[in-house]
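This report refers to the structure that appears directly beneath it.
The values are calculated or read from the model by the stated rules, or taken from the named source; none is laboratory data. Model, not experiment: these values are computed from the prediction. Cβ coordinates were reconstructed from backbone atoms using ideal geometry, including for glycine residues, and neighbour counts include every protein chain displayed. For the accessible areas, the whole protein counts, side chains as well, though only heavy atoms, and no ligand, DNA or RNA atoms are used. Shrake-Rupley method; radii C 1.70, N 1.55, O 1.52, S 1.80 Å.
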Amino acid sequence: MGLALFFAATGMPGSFWDSPSNVTAAILLGVGLVTVGLALALAKVFKRFNGLSWALLVAGLVICGYGAWRMLG
């Protein structure tokens, strides 16, 4: 029951979650957003964008882009 309420709260129809590629795309979008957040947090800790922060930021954007591409395609 809790999972059905979560899907209703997000506004996603139940058929969206029936497709494995959409579920994978949603997971990839989440991982990408976490990676971008981690990159921004590291930049704040080091008070500048170093190589690791840039690498994580680019990786997060690529992962988000791939998730969006899978969701739309």
Taking the stretch 45-68 as the region of interest, how many residues are open to solvent by 60 Å² or more (accessible area, probe 1.4 Å) and either of a type in the set (Ser, Thr, Tyr) or within 14 Å of residue 30 (Cα to Cα) (or both)? 3
Under 6 Å between Cβ atoms, which residue pairs at least 6 apart in sequence (or on different chains) link something in the stretch 50-66 that is in contact (Cβ under 8 Å) with a residue 60 or more places away in the chain with a partner that is basic (Lys, Arg) and open to solvent by 40 Å² or more (accessible area, probe 1.4 Å)? none
